[in-house]
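What follows is one structure encoded as structure tokens, with my remarks underneath.
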Amino acid sequence: MGDDVKYGRITTERKDIPDDEPVILFRGQDIFTPQVALAYLAILEKNNLGQTPLAGLMRRGLARVQQWQGEHPDRIKIPD
């Protein structure tokens, strides 16, 4: 279970996160989440990691956020 400054304890289904490990959570409703994911992908590419499983996961996550935002424009907001 990780710990996010805003949301507190974050639990996961597939992999354990140590209790003392910080986590940063970007939500689909956050208008800036796609830009954050694209910036992360650019960093992976710059470090020759653009074809790694992590990059694939980031692309899939980005696609899901973009699709969700396209389907729910009324729920997108600037983060508070």
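Here, each number is a calculation from the coordinates, and none is a lab measurement. Since the model is a prediction, treat every value here as computed from it, not as a measurement. Backbone-built Cβ (ideal geometry, glycine too); neighbour counts: all protein chains shown.
Placing unit charges on C-beta atoms (Lys and Arg positive, Asp and Glu negative, everything else neutral), compute the dipole magnitude of the chain about its Cα centre in debye, rounded to 20. Don't skip to the end; give the middle numbers.
On the way: 11 positive and 12 negative charges, 74 e Å.
Magnitude of the dipole: close to 360 debye.
Using +1 at the C-beta of Lys and Arg and -1 at the C-beta of Asp and Glu, which of L62, N48, L38 has the Cα lying farthest in the positive direction of the dipole of the stretch 27-80?
The residue sitting most towards the positive pole is N48.
Show me the ranking of peptides 52-58, 13-19 by mean Cβ neighbours inside 10 Å, starting with the highest.
Result, highest mean first: 52-58, 13-19.
Express in nm, to one decimal, how much length is gained between D80 and V5 on full extension, taking 0.36 nm for each residue of separation and deducting their alpha carbon distance.
Extra length from D80 to V5 when fully extended: 25.7 nm.
Under the rule a/c < 1.5 gives rounded, and otherwise a/b versus b/c splits prolate from oblate, where does the chain land using the Cα gyration tensor?
oblate
Taking only DSSP H segments of four or more residues, each worth -39500 (n - 2.57), what value at 222 nm results for the chain once the sum is divided by all its residues, to the nearest 500 deg cm²/dmol?
Helices in the chain give a 222 nm mean residue ellipticity of -14000 deg cm²/dmol.
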